[in-house]
């Protein structure tokens, strides 16, 4: 009845041989390139392997990374030492501020930057971040014999001054107070800190920080190698953090500064 | 003739096609949802993957529009909508076309900026079965899943679309079939990144964006013209449809008809129109109108509502009729 309308069926079909050829070419391409992929546009891995690994380190990010007496310390510093051994490379530590280091990293003048970086950092779109190698949590430390609390509302919680803990406690209707007689106070602090002080970290979890390392943008082979290394290290992570937290505790001075209740 | 246009009844032999069309569209919807979810998991920071994901996200709208349209066309017209619901699908398609245009433009601008800024996309690993695997390797099979069934589904839809004269279904079939090209472009982008060509990703996204924009503009134009009551076109949109002429011919065969002019417009799957007839004399006008109406209906199932108007002249003497005849003869 409507033969006069041109049938679109034949003109629009995708012919079998066409699809087949394309798929075959793709497959060959993938298999050939597979051994090489992914590559580093800026050859980071090739330059580091058997050579020098330039690691940017922020000066004061205990227990993750800090500099003391010209030596690099911290969880991430230790990871870098192990990684360098794996890559048969010498580490050159480049201390600096986070901003300077990351800008340098962005321009491919460093190979890795460490310093307690979080995945939520605003830099994440400008440089490459590894997958999180550890998640630290801001939790509550309970004094001896006290049961877990469900809500912080109306309670006095000891916190370190000028840390996110102050605001987080306030948001849950708690009263942030100075850190004094630890044994009898509820304390809000990162889980590794609580463990160092002898608390068992308990709910509620006030914040989660996903720790990452930074690599130059687009250096995908380098990133893959580093991520594989970090994945292999995941069993050692807790032990490493514990030992480094202890080291940083001994090295640091007491933080107790009075925090006004109604500030 | 009544105040309300009549309810559309599909010829019996087409109910099978209708069922097939419905089934294919439902399959499409489920399939696209799985695609969107799967792609979201392996997106990474690849521009090309983002582009392909957006493309697939928007392509949820056409099947939904078609299904809604197929459902609405069976609804009896009401006093509120005396012309029926045939146009509802065209409007849904307008919306989808605008969305396509916006997405296309966004992708073009975004990818161009990334190229200008020389952004190197970072694509890391994802842990699968306890082992970190490069995301690029995961993206490729996902893209195969995105491209191949889409091409097959699109191809399958052309048949029912043609027989049902359902333009949104055709447009949907076209777009779905083209999805394999989107998937291929994204795959080439990923391979490019894997080989160290950081710009391959943005270039692929740019190409995909251009394709989406092209689709969007084409369907937008089509939809707008349809809603402007353009003269019906053939299925591929290249020529005027011959249905108005066939109806006019059929009416001319009636012995009491001296002259007849027909104008029509498309509304969804069917045609509405008016026929102006100059009869030989003014004998039995009511019966004649009824007869003309019946003859017009018999020409084609798509001839849905033709208002017959008996008249003494076609407006200004000579000019209109001459012009139309001359236009047809191709002398103008």
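Just so it is clear, none of the values below were taken in a lab; they were calculated from the coordinates. Keep in mind the model is a prediction, meaning the values are calculated, not measured. Every residue, glycine as well, gets a Cβ built from its backbone with ideal geometry; the counts of neighbours run over all protein chains shown.
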Item to complete: Calculate the mean, over all residues of peptide A:228-240, of how many other protein chain Cβ atoms lie within 10 angstrom of the residue's Cβ.
Response: 1
Item to complete: Give, in nm to one decimal, the length gained when the segment between residue B:22 and residue B:128 is fully stretched (0.36 nm per residue of separation minus the Cα-Cα distance).
Response: 34.4 nm
Worksheet item: When the Debye formula is applied to the Cα atoms of region B:229-279, each taken as the same point scatterer, what base-10 log of I(q)/I(0) results at q = 0.25, 0.27, 0.33 Å⁻¹?
Response: -0.92, -1.00, -1.27
Practice prompt. Quickly rank A:143-152, B:158-167 as a protection proxy: mean count of other C-beta atoms within 10 Å, highest first.
Written response: B:158-167, A:143-152
Response to the item:
When all Cα-Cα pair distances of region A:152-216 are considered, the percent exceeding 20 Å is 27
Item to complete: Provide, as a two-decimal number, the C-alpha radius of gyration of region A:28-157 over 2.2 N^0.38 Å, N being how many residues it has.
Response: 1.41
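Apply the Kirkwood formula to region B:148-298: the hydrodynamic radius equals the inverse of the mean of 1/r over all pairs of different alpha-carbon atoms; give it in Å with one decimal.
Here the Kirkwood hydrodynamic radius works out to 19.0 Å.
Please report the antiparallel percentage of the DSSP beta bridges confined to region B:193-318, to the nearest 5.
Counting only bridges with both partners in region B:193-318, antiparallel ones make up about 60 percent.
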Worksheet item: Using only helices, what value at 222 nm comes out for chain B when you add -39,500 (n - 2.57) per DSSP H run of length 4 or more and divide by the total residues, to the nearest 500 deg cm²/dmol?
Response: -21000 deg cm²/dmol
Fill in: Number of partner chain Cβ atoms within 10 Å, mean per residue of B:175-183
1
Practice prompt. Please give the helix B:15-42 orientation as an angle from the longest Cα principal axis of chain B, in degrees from 0 to 90, rounded to the nearest 10.
Written response: 20
Worksheet item: Per q in 0.14, 0.15, 0.20, 0.24 1/Å, what log10 I(q)/I(0) does a Debye calculation on the alpha-carbon atoms of region A:96-199 return?
Response: -0.68, -0.73, -0.97, -1.22
Worksheet, complete the sentence: Cα-based Rg then Dmax for chain B, in Å, read 25.5, 90
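At a Förster radius of 35 Å, what calculated FRET efficiency corresponds to the Cβ-Cβ distance of residue B:105 and residue A:210, to the nearest 0.05?
0.50
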Worksheet item: Using a simple spin-label model with points 7 Å from Cα along the Cα→Cβ vector, what separation in nm is obtained for residue A:156 and residue B:242?
Response: 9.6
Discussion item. Given 20 °C and 1.002 mPa s, compute D for region B:1-115 with the Stokes-Einstein relation, Rh being the Kirkwood radius over Cα pairs; round to the nearest whole µm²/s.
Written reply: 128
Fill in: Segment residue A:184-residue A:90, extension gain: residue separation times 0.36 nm, minus the distance between their alpha carbons
29.0 nm
Worksheet item: Per residue, what volume in Å³ does the convex hull of the Cα atoms of the protein assembly as shown enclose?
Response: 230
Fill in: Residues B:95, B:262, sorted so that the one with the fewest Cβ neighbours within 10 Å comes first
B:95, B:262
Item to complete: Would you mind ranking B:100, B:128, B:243 by Cβ crowding within 10 Å, fewest neighbours first?
Response: B:128, B:243, B:100
Worksheet entry | Diffusion constant of region B:227-318 at 37 °C, which comes from Stokes-Einstein with the Kirkwood Cα-pair radius and 0.692 mPa s, µm²/s | 240
Worksheet entry | Simple spin-label estimate for residue A:25 and residue A:81 in nanometres, 7 Å along Cα-Cβ | 5.3
Worksheet entry | Sequence of A:153, B:90, B:112 once ranked by neighbouring C-beta atoms within 10 Å, starting from the fewest | A:153, B:112, B:90
Discussion item. What does the structure give for A:217-227 when I average, per residue, the other chain Cβ atoms found within 10 Å of the residue Cβ?
Written reply: 6
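Please report the projected area of region B:121-186's Cα convex hull averaged over all directions, in nm².
Taking a quarter of the hull surface, the average projection is 5.5 nm².
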Worksheet, complete the sentence: 1/(1 + (r/R0)^6) with r = Cβ-Cβ of residue B:10 and residue B:152, R0 = 30 Å, i.e. FRET efficiency to nearest 0.05, evaluates to 0.70
Fill in: Estimated FRET transfer efficiency (residue B:76, residue A:121; beta-carbon r; R0 60 Å; 0.05)
0.50
Discussion item. Please compute the modelled spin-label separation between residue B:282 and residue B:34, points set 7 Å along Cα→Cβ, answer in nm with one decimal.
Written reply: 6.9
